[in-house]
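The values are calculated or read from the model by the stated rules, or taken from the named source; none is laboratory data. For clarity, every value in this text was computed on a predicted model and none was experimentally measured. Cβ: placed from backbone, ideal geometry, glycine included. Neighbour counts: every protein chain shown. The protein model used for the area step is the full one, side chains on, heavy atoms only, and it has no ligands, DNA or RNA in it. Shrake-Rupley method; radii C 1.70, N 1.55, O 1.52, S 1.80 Å.
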Amino acid sequence: PEDTVTSSFASFIHAARPEHLSQTVQHRSKRMILDSIGVGLVGSTTHVFDIALRYCRLYSPVAVSSVYGKPGVKLSPTLAAFTNGVATHSMDFDDTWHPATHPSGAVLPALLAASQMLPPGTKPSGMDFLLAFNVGLEVQGRLMHFSTEAHDIPKRFHPPSVVGTMGSAAATAKLLSLSSAQCSHALGIAASLAGAPMANAATQAKPLHIGNATRLGFEAALLAARGMEANPFILDDIPGCSGFGAFYSVYHPKPLPTPGERHEFLLEKQDIAFKRFPAHLGMHWVVDAALSVRNLFLNYAGSFSPALIRTIVLKIPVSKYINRPFPSSEHQARHSFQFNACTALLDGEVGLGSFTEGSIQRQELRELLDKVVVEHPEDNVANFDKMYGEVALLLHSGDILTGKCDTFYGHWRKPLSKESLLKKFRSNASHVLPEEKIETIISMVDNLEKLPDSSQL
């Protein structure tokens, strides 16, 4: 069919060329690739990653594609994508976009695995890789913009399990040079493989959402390449026939312009948020607010003394799955406004070590959690572009100290510097790689557009 939303997306995927990527888009997407690799490498040290890897090794007789943090270990391409996707989200340390999703982890593992899958002589270049990555980002962003519901912190489904699956299909279809018709079918197949409920947030199952998104989108492209067909109107709003709009209560799709002078990639206009510590993005507002009020407290009392505090008031948006008064596991702690605020107050920082069982179960931390009261001001909406975090300490003396954050360091309005991003990558990668390999990856990603064979990555 001509002139449909679905056909316009398929045409965009097929027609996108390296010259359509501006310097800004290339720069921002390379930062995303580097950060995502680092997050995946440190994620390969987690228990949930170990479970996923042991499972995949049972069913992977074809050893082709590499696994994060495991030199010498290879899996079949789709299972490698799945395992590396799980690693990327195992600590909730991966990047976040607006409308809300985790874009890189749903795309990058599929492209890394696919680049190793292709035979010698047909390997995509670094520029081909960079283009496919941005095609996957663009498809995710455009789909989310079709619904106002997508702009808020999610309530029903985890966005990367939906748009991420579509982005992975689009990116892999581009890397594999599928025809426009095959790209359309890849999107249609991916739509039947998408979706995960928010009830599994803060559990070991949540990282599977990213693993499945990157794997299933990859599989959708492979199936389309082998002739499988799907509904050619999957992205269109057809009365009486639910396509991709089934995921949204409000869905108003629009055609995607052909790349070129009429098209500007969303990454050009909307930068990405990089996390400074491994927890849900919403936590970064309350941590910065808590660190701010902690400094006031140190000036007030000379040292941090919890005994002087009567009540800790958190002013946060309404979002049930990240409002957890007493988390009992690392995954719950990563999704708890209360835990992250109190950890920042007690320790003056939040980092990898904050989410160990020993840190979570500390008596002094539990005593702080007992003092927390949550308020939901009407002007504090559950939206990563509009929300704020406020932490107030009501002291026994009657004094009140307050810290507030409306844009944390790492937000797209306040991006991480190059130095901060490299520091994060080096710290994460150092858990599994020697220094010389870490520096090689940094150089390779920085010059990705010049790399003759992307499978070297």
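Quick notes on this one:
- When each of Q140, Q116 is tested for being in contact with a strand residue (DSSP E or B) (Cβ under 8 Å, 6 or more places away or on another chain), within 24 Å of I322 (Cβ to Cβ) and in the same structural domain as G195 (by the TED database), the lone residue that passes is Q140.
- Filtered by the rule that a residue be more than 23 Å from P197 (Cβ to Cβ) and either in contact with an Asp or Glu (Cβ under 9 Å, 6 or more places away or on another chain) or of a type in the set (S, T, N, Q) (or both), the stretch 226-251 gives a lone residue, N231.
- In the stretch 19-47, the residues that are in contact with a His (Cβ under 7 Å, 6 or more places away or on another chain), open to solvent by less than 30 Å² (accessible area, probe 1.4 Å) and β-branched (V, I, T): V42
- Odd one out for L75, checked against (1) surrounded by fewer than 21 Cβ atoms within 10 Å (Cβ to Cβ); (2) among the aliphatic types (A, V, I, L, M); (3) closer than 17 Å to N212 by Cα: (1)
- The strands (runs of 3 or more DSSP E) found wholly in the stretch 353-457 include none carrying at least 3 residues that are surrounded by 13 or more Cβ atoms within 10 Å (Cβ to Cβ) and without any contact (Cβ under 8 Å) to a residue 12 or more places away in the chain.
- Residue within the stretch 207-219 that is touching an Asp or Glu at 6+ places or on another chain (Cβ under 9 Å) and either β-branched (V, I, T) or touching a residue at least 24 places away in the same chain (Cβ under 8 Å) (or both) present: yes
- Taken over the stretch 204-232, the criterion of being among the hydrophobic types (A, V, I, L, M, F, W, C) and crowded, with 24+ Cβ neighbours inside 10 Å is satisfied by I210, A213, L216, F218, A220, A221, A224.
- One residue from L291, L345, L281 being under 20 Å from Y409 (Cβ atoms), open to solvent by less than 50 Å² (accessible area, probe 1.4 Å) and outside any helix (DSSP H, G or I): L281
- The residue list F129, F93 contains one member that is assigned to a helix (DSSP H, G or I) and either out of contact with any strand residue (DSSP E or B) (no Cβ under 6 Å at 6 or more places or on another chain) or touching a residue at least 12 places away in the same chain (Cβ under 8 Å) (or both), which is F129.
- Checking P124 against (1) modelled with pLDDT of 95 or more; (2) within 15 Å of the chain's Cα centre (by Cα); (3) part of a loop (DSSP other than H, G, I, E, B), the condition it does not meet: (2)
A quick yes/no check of all residues on (1) among the β-branched types (V, I, T); (2) under 30 Å from M117 (Cα atoms); (3) modelled with pLDDT of 95 or more:
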residue	(1), (2), (3)
L395	no, no, yes
G398	no, no, yes
T407	yes, no, yes
L422	no, yes, yes
H431	no, yes, yes
K450	no, yes, yes
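- Test: residue in the stretch 67-75 that is closer than 30 Å to P259 by Cα, assigned to a loop (DSSP other than H, G, I, E, B) and modelled with pLDDT under 95: no
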